[in-house]
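The values are calculated or read from the model by the stated rules, or taken from the named source; none is laboratory data. What you see is a predicted model; the values in this text were computed from it and never measured. Neighbour counts run over all protein chains shown; Cβ positions are idealised from the backbone, glycine included.
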Amino acid sequence: MKVAVVGATGMVGEVMLQILAERNFPVTELIPVASEKSVGKEVEFKGKKYKVVGLQTAVDMKVDIALFSAGGETSLAWAPKFAEVGTTVIDNSSAWRMDPTKKLVVPEINGSILTKEDKIIPNANCSTIQLVMALAPLHKKYKIKRIVVSTYQSITGTGVKGVQQLENEYSGIQGEMAYKYPIHRNAIPHCDSFEDNGYTKEEMKLVRETQKILDDRTIAVTATAVRVPIVGGHSEAVNVAFENDFEVNEVRSILHNTPGVVVQDNVDTFTYPMPLYAQGKDDVFVGRIRRDESQPNSLNMWIVADNLRKGAATNTVQIAEYLVKNNLV
Ligand code: 2RA
C-alpha cells in the first residue's frame, strides 16, 4: 500500500507513523506530507528517514490511502483532490464528520457500513470515540435514552501548543497561549469555540457524533468539556439512562467481552482507570461502574483513553486496516 500521512510533522501525525509501524500495516511506500514550510524536513518510519513533500506532490503520486491530521481547512481543500485521483482519505479533522454523505466510523462498532465508494472517511473526535466504544454494546443490549457526559481533556488534544503552554507555566515562562487562561493548577471549561447555544464545538461534537455513530437520533446527549493540565489521555464521567433495566455485573461482563474495552473496576482494591496509566495504550478503560440510585435504569461510569491513540491515530489506522482486510481499497 502506498500511504500518505498528511500532517506528518504534527503530534497526531507522528503517532500515526508510530502506529503504522507498530501494527505492521502493509506500507510499500510511505509519503510524509506537510505544509510548504515543512517540505524537505525528514521524518523517521521503521528506522528509515523520509523527506516531507507538499500536498500537490502527494496528490500526483496517486497513493492508495491518505491519513490526514492537518486541520479542517486543509481537509476541506485537499481531501477531494486526493479522492479525485482514487486515493481513500481517512481524516482526523471535524471537517467531514457531520456531512450526510460521509460515514463516521469506529471499526469495532460500525465498520460494516463502509464500501469501496467511500473515498473520504472522517475519523470521529477523540472524546466521542472513547465514549461510544463503551456505550455501543450497552445501547445494543439496554437501549440508551440519555447520556450526560463531563470530560476532563488532556492538553495534548490541543497539540504541541497546549503542551508547550503548560511547560512554560511550570518554568515560569510567559510564552504563546494555547488557551485563554493559564492551564497550570487550573481546569478550563472551554474546549474549542462557543456556539450560539452556549455549548462549545467540542461539547456539540459529543452530542452529534454519538448520535451518528450509534445511528440513533433519539438518544439525548448533553456534555460539558473541560481542559485539564495532564498529558496521558481524556477522562469522562458518564451518566447514562436506558430504556431497560440492567444488572451491574452483567454490564461489567458485556464491557469485559467488548473488543478494545478493558474493565478496571474494583473499589476494594482502588482499581479504576486513570490517564497516567492509559497513556500509550490503545484500549478504552472503563471503571467506577455503579447504578445511579437517583433515577431508574441509570448507570454511572468513568471512561479513560489515550486521545492521541484510540482517540485519533489508532482508530484511523484501524479504519485503514478494515478497508484492506475487506478489499475496500
Ligand atoms: C481536543 N478533541 O481535545 C479535541 C481535538 N483533538 O482539543
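Listed here are the residues, each with its yes/no results for (1) in contact with a His (Cβ under 6 Å, 6 or more places away or on another chain); (2) over 24 Å from Val240 (Cα atoms); (3) surrounded by fewer than 18 Cβ atoms within 10 Å (Cβ to Cβ).
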position	(1), (2), (3)
Gln165	no, yes, no
Ser171	no, yes, yes
Pro189	no, no, yes
Glu203	no, no, no
For region 200-212, pairs from a residue that is without any contact (Cβ under 8 Å) to a residue 40 or more places away in the chain to a residue that is acidic (Asp, Glu), with Cβ under 7 Å and 6 or more apart or across chains, are Thr200/Asp192; Met204/Glu195
Do we have Glu169 as within 11 Å of the ligand (Cβ to nearest atom), of a type in the set (Asp, Glu), modelled with pLDDT of 95 or more and not in a strand (DSSP E or B) here? no
Within region 119-151, residues closer than 15 Å to Glu202 by Cα, more than 13 Å from the chain's Cα centre (by Cα) and crowded, with 20+ Cβ neighbours inside 10 Å come out as Val149, Thr151
Exercise. Hey, does region 300-316 have a residue that's surrounded by fewer than 20 Cβ atoms within 10 Å (Cβ to Cβ), over 27 Å from Ile113 (Cβ atoms) and in contact (Cβ under 8 Å) with a residue 12 or more places away in the chain?
Worked result: yes
Of the residues in region 13-41, those that are under 21 Å from Thr74 (Cβ atoms), aliphatic (A, V, I, L, M), in contact with a strand residue (DSSP E or B) (Cβ under 9 Å, 6 or more places away or on another chain) and not in a strand (DSSP E or B) come to Met16, Leu17, Leu20, Ala34, Val39
Within region 279-308, of all residues that are more than 19 Å from Val149 (Cα to Cα) and in contact with a Gly (Cβ under 7 Å, 6 or more places away or on another chain), the one nearest to the ligand (Cβ to nearest atom) is Gln279
Selection from region 18-27 of residues more than 15 Å from the chain's Cα centre (by Cα) and over 12 Å from Ala66 (Cα atoms) yields Gln18, Leu20, Ala21, Glu22, Arg23, Asn24, Phe25, Pro26
Scanning region 213-239 residue by residue, the ones that are farther than 22 Å from Asp306 by Cα and either buried (at least 20 other Cβ atoms within 10 Å of the Cβ) or within 16 Å of the ligand (Cβ to nearest atom) (or both) total 1
Selection over region 120-134 where residues are away from the ligand (no atom under 16 Å from the Cβ) and in a helix (DSSP H, G or I) yields a count of 1
In the set Glu73, Glu44, Glu108, Glu117, the lone residue that is of a type in the set (Asp, Glu), assigned to a helix (DSSP H, G or I), more than 16 Å from the ligand (Cβ to nearest atom) and not assigned by TED's automatic domain parsing to the domain that holds Tyr199 is Glu108
Residues in region 76-91 that are part of a strand (DSSP E or B) and of a type in the set (A, V, I, L, M) total 2
By residue number, the members of region 172-184 that are of a type in the set (Val, Ile, Thr) and more than 16 Å from the ligand (Cβ to nearest atom) are Ile173
Being closer than 30 Å to Val248 by Cβ and in contact with a strand residue (DSSP E or B) (Cβ under 7 Å, 6 or more places away or on another chain) narrows Ser193, Ser154 down to just Ser154
Ser150 vs (1) within 30 Å of Val63 (Cβ to Cβ); (2) among the hydroxyl-bearing types (Ser, Thr, Tyr); (3) away from the ligand (no atom under 11 Å from the Cβ); (4) touching a residue at least 60 places away in the same chain (Cβ under 8 Å): all pass except (1)
